[in-house]
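Student: Here it is: the structure, laid out below.
The values are calculated or read from the model by the stated rules, or taken from the named source; none is laboratory data. Small disclaimer: the values here were computed from a predicted structure and weren't measured. Cβ sites come from the backbone with ideal geometry, for glycine too, and all protein chains shown count toward neighbours.
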Amino acid sequence: MNSLKHWLPLLFILLLSGFLPSPVQAQKLTLSPTVVDNAGLGFLKIIGQDEGGVFLLFSNLSLGMERDRVGLKSRRYRLAYYTFDLAMKWQIALEPHPDGSDIETVSFFNDRVTVISSSFEKNGGALQLYAEYYNSKGIIAGSVKKLGSVTLGRNSYAGKPRTRISPNKTQLGIILNEERESDQQIHVWYCDTGLNVLKNQSAKLNYPTRDLDLTEALISDDQQLSLLGQARVKAGASDRKQAQFFKLFLIDGKSKVMEFPVNTTNETMSEASLIINRKNNAVVVTGFYAENGSFAGTGILYGRLPLNEPDSFKIATIPIRSDAQQKLVGERNNSNGVGLFNYPIQKIILRNDGGAVVVAEAAYLSEYSYYDYFTQSFNRRIEYHFDNIVVLSINARGNIDWSDVIRKDQVSMDDEGYYSSFCAMYDADRMALIFNDDVGRNNMVVAHILDNLGQLQVKKLSGISDNITIIPRSGKQVAESLVIVPAISRKRLYLARIEF
């Protein structure tokens, strides 16, 4: 714990490399001049931008299920390109290549849309993977690249490939989890900016999926793969209950697997986050924890693994004292049993002095069933809750300079929280968290703006009469002080340009 002050300044790195400089100006929301044609595809998100505009991806199925191959054969995609002034330049249907393959996932790398497709040979049991680019004109750049293949056993199942970009933006990692009866085989391909395979490797984790759920994966500049998993372990042979622990795995360039426990039996973590500290080439796992007997949460737990010294994994904690804890959890969450450790960390932002700002959101679901006498059947419903946002500013000494909570209560049914959560903008002096204050009929789009001293301002970006509801998690910060996010107005789909 005494060493905390020596390495905390190096812990947290924003995925966007920190706050971006931006002039201070009035907030403004403008809808696109024409309706967005989604061609009957109900799910969309902005997946990236280049110097001329943004790429908008549409699908008939959810784009938020990163690890699930459900609907692979029936899934459809469209890709559109809009200028920063929200004028559409083109829209095309994405087709898998080569013929007979299926699109596994669509991502953004090297200022271009990257499509990963697969085909399965039933006779040999081989899953073939392919990759290709679409440029800003909607044209396939070059030929389709064959990544390689995985031969699946009779009892094996291939999960949906995940794509990850190295911290220096020069490599794309395609990670495939082969789930087997008694273990998991991890396959990874490292590609350059032209989608040429630089290296591929496989490694085994000695856990079946019933005992270990892999929640996150990252690649380093040196072609090392970091995996975060939530393991379920019985305390004893006769014990029916399973304790849950987070484990960090590192697969080095020689396919050697190293395993590191994150939390202990005295520290309960329901969520954890994995990031790479680009400046110091270290993997950081972090999340809120609660001690046994306390659901309200008592601090932030994190571990730091230097990739050039993988034997020196260190874990430390920053306790959150009772007064700050009550402020952050709040009476409503406290009474509902939603503690601080139920807040998944969404963003980690580097402070200029070497400290960090941590942004987390209370997100959970509740499920219930009921009997419908009219249809004479049982029905299952899922409520999606996206509640308060917690912001903590931690200085280089490991102390909390300030903390704040942004109050919101977003509840929806059977929709994955489509209009819930928030979209963020960051610059040198402030952050803006943008969301719908009412996911029902009386909605206003609001921005809660925090400066670097923790001072909060609330700005109304639209009124009830404007009838605008944004789709927050489908939006993206695309310039220094510009966010573009899909929005619904009078049952029509638009893009909204939000300037700060």
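Student: Report whether or not Glu95 is modelled with pLDDT under 95, farther than 26 Å from Ala217 by Cβ, surrounded by fewer than 18 Cβ atoms within 10 Å (Cβ to Cβ) and of a type in the set (Asp, Glu).
Tutor: Yes, satisfied.
Student: Within region 126-133, can one find any residue that is within 27 Å of the chain's Cα centre (by Cα), within 20 Å of Leu172 (Cα to Cα), polar (S, T, N, Q) and at pLDDT below 95?
Tutor: no
Student: A further question on this structure: Identify, by number, the condition in (1) buried (at least 20 other Cβ atoms within 10 Å of the Cβ); (2) of a type in the set (Val, Ile, Thr); (3) without any contact (Cβ under 8 Å) to a residue 40 or more places away in the chain that Ile464 doesn't meet.
Tutor: Among (1) buried (at least 20 other Cβ atoms within 10 Å of the Cβ); (2) of a type in the set (Val, Ile, Thr); (3) without any contact (Cβ under 8 Å) to a residue 40 or more places away in the chain, Ile464 violates only (1).
Student: Taking region 474-495 as the search range and keeping residues that are surrounded by fewer than 21 Cβ atoms within 10 Å (Cβ to Cβ) and not in a strand (DSSP E or B), which one is modelled with the lowest pLDDT?
Tutor: Selected residue: Glu480.
Student: Among all residue pairs at least 6 apart or on different chains, which show Cβ distances below 8 Å where the first residue, located in region 269-281, is at positive phi and the second is of a type in the set (S, T, N, Q) and in a loop (DSSP other than H, G, I, E, B)?
Tutor: Qualifying pairs under 8 Å: Asn281/Ser220; Asn281/Asn308.
Student: Restricting to region 244-268, name every residue that is over 23 Å from Gln185 (Cβ atoms) and more than 23 Å from the chain's Cα centre (by Cα).
Tutor: Listed by number, the residues that qualify are Thr264, Thr265, Asn266, Glu267.
Student: Have a look at Arg407, Arg430, Arg473, Arg441 and point out the one that is within 22 Å of Asn38 (Cα to Cα) and not hydrophobic (A, V, I, L, M, F, W, C).
Tutor: Among Arg407, Arg430, Arg473, Arg441, only Arg473 is within 22 Å of Asn38 (Cα to Cα) and not hydrophobic (A, V, I, L, M, F, W, C).
Student: If you don't mind, there's one more thing I want to ask. Would you pick out the residues in region 446-473 that are of a type in the set (Val, Ile, Thr) and not in a helix (DSSP H, G or I)?
Tutor: Val446, Ile449, Val458, Ile468, Thr469, Ile470, Ile471, listed by residue number.
Student: Now for a separate question. Filtering region 129-148 down to residues that are without any contact (Cβ under 8 Å) to a residue 40 or more places away in the chain, surrounded by fewer than 18 Cβ atoms within 10 Å (Cβ to Cβ) and not aliphatic (A, V, I, L, M), which residue is nearest to Val70 (Cα to Cα)?
Tutor: Lys146
Student: Could we say that Asn281 is surrounded by fewer than 21 Cβ atoms within 10 Å (Cβ to Cβ), modelled with pLDDT of 80 or more and of a type outside the set (Gly, Ala, Ser) here?
Tutor: Here the answer is yes, as Asn281 does meet what is asked.
Student: Suppose the filter is hydroxyl-bearing (Ser, Thr, Tyr), over 23 Å from Ala447 (Cβ atoms) and modelled with pLDDT under 95; does Ser119 pass it?
Tutor: Considered against the rule, which asks whether it is hydroxyl-bearing (Ser, Thr, Tyr), over 23 Å from Ala447 (Cβ atoms) and modelled with pLDDT under 95, Ser119 comes out as no.
Student: Another one. Looking at region 47-65, which of its residues are out of contact with any strand residue (DSSP E or B) (no Cβ under 6 Å at 6 or more places or on another chain) and surrounded by 19 or more Cβ atoms within 10 Å (Cβ to Cβ)?
Tutor: If the condition is that a residue be out of contact with any strand residue (DSSP E or B) (no Cβ under 6 Å at 6 or more places or on another chain) and surrounded by 19 or more Cβ atoms within 10 Å (Cβ to Cβ), then no residue fits.
Student: Inspect all residues belonging to region 370-389 and state whether any of them is of a type in the set (Val, Ile, Thr) and either in a strand (DSSP E or B) or touching a Cys at 6+ places or on another chain (Cβ under 6 Å) (or both).
Tutor: Yes; the residues of region 370-389 include at least one that is of a type in the set (Val, Ile, Thr) and either in a strand (DSSP E or B) or touching a Cys at 6+ places or on another chain (Cβ under 6 Å) (or both).
Student: Of (1) basic (Lys, Arg); (2) buried (at least 16 other Cβ atoms within 10 Å of the Cβ); (3) over 24 Å from Glu499 (Cα atoms), Lys73 satisfies all except one. Which?
Tutor: Of everything listed in (1) basic (Lys, Arg); (2) buried (at least 16 other Cβ atoms within 10 Å of the Cβ); (3) over 24 Å from Glu499 (Cα atoms), Lys73 misses just condition (2).
Student: Which of the residues that make up region 390-416 are in a strand (DSSP E or B) and among the polar types (S, T, N, Q)?
Tutor: Residues satisfying the conditions are Ser393, Ser403, Gln410, Ser412.
Student: Going by what's in this entry, would Lys160 be described as surrounded by 14 or more Cβ atoms within 10 Å (Cβ to Cβ), in contact (Cβ under 8 Å) with a residue 24 or more places away in the chain and not in a strand (DSSP E or B)?
Tutor: yes
Student: Same structure, new question: Is there any pair with a first residue in region 400-420 that is within 18 Å of Ala432 (Cβ to Cβ) and at pLDDT 90 or above and a second that is part of a loop (DSSP other than H, G, I, E, B) and aromatic (Phe, Trp, Tyr) whose Cβ atoms are under 9 Å apart and which are 6 or more apart or on different chains, and what are they?
Tutor: From region 400-420, the pairs are Ile406/Phe422; Lys408/Phe422; Gln410/Tyr419.
Student: Does region 423-437 hold any residues that are modelled with pLDDT of 90 or more and over 15 Å from Ile389 (Cα atoms), and which are they?
Tutor: Once the filter is applied, which keeps residues that are modelled with pLDDT of 90 or more and over 15 Å from Ile389 (Cα atoms), region 423-437 yields Tyr426, Arg430.
Student: Hey, another quick one. Looking only at region 181-200, count every residue that is more than 14 Å from Leu129 (Cα to Cα) and of a type outside the set (Ser, Thr, Tyr) and tell me the total.
Tutor: 9
Student: Scan region 191-204 for residues that are within 14 Å of Leu225 (Cα to Cα) and surrounded by fewer than 21 Cβ atoms within 10 Å (Cβ to Cβ) and jot them down.
Tutor: Within region 191-204, Lys199, Asn200, Gln201, Ser202, Ala203, Lys204 meet the criteria.
Student: Shifting gears a bit: Would you confirm whether or not region 337-355 contains a residue that is at pLDDT 75 or above, part of a loop (DSSP other than H, G, I, E, B), farther than 22 Å from Arg232 by Cα and among the hydrophobic types (A, V, I, L, M, F, W, C)?
Tutor: no
Student: Here are some residues: Asp183, Asp192. Which one is closer than 24 Å to His97 by Cβ and acidic (Asp, Glu)?
Tutor: Criteria check complete, one pass: Asp192.
Student: Give the residue, chosen from Asp68, Asp111, that is out of contact with any strand residue (DSSP E or B) (no Cβ under 6 Å at 6 or more places or on another chain) and under 30 Å from Glu499 (Cβ atoms).
Tutor: Going through Asp68, Asp111 in turn, the sole match is Asp111.
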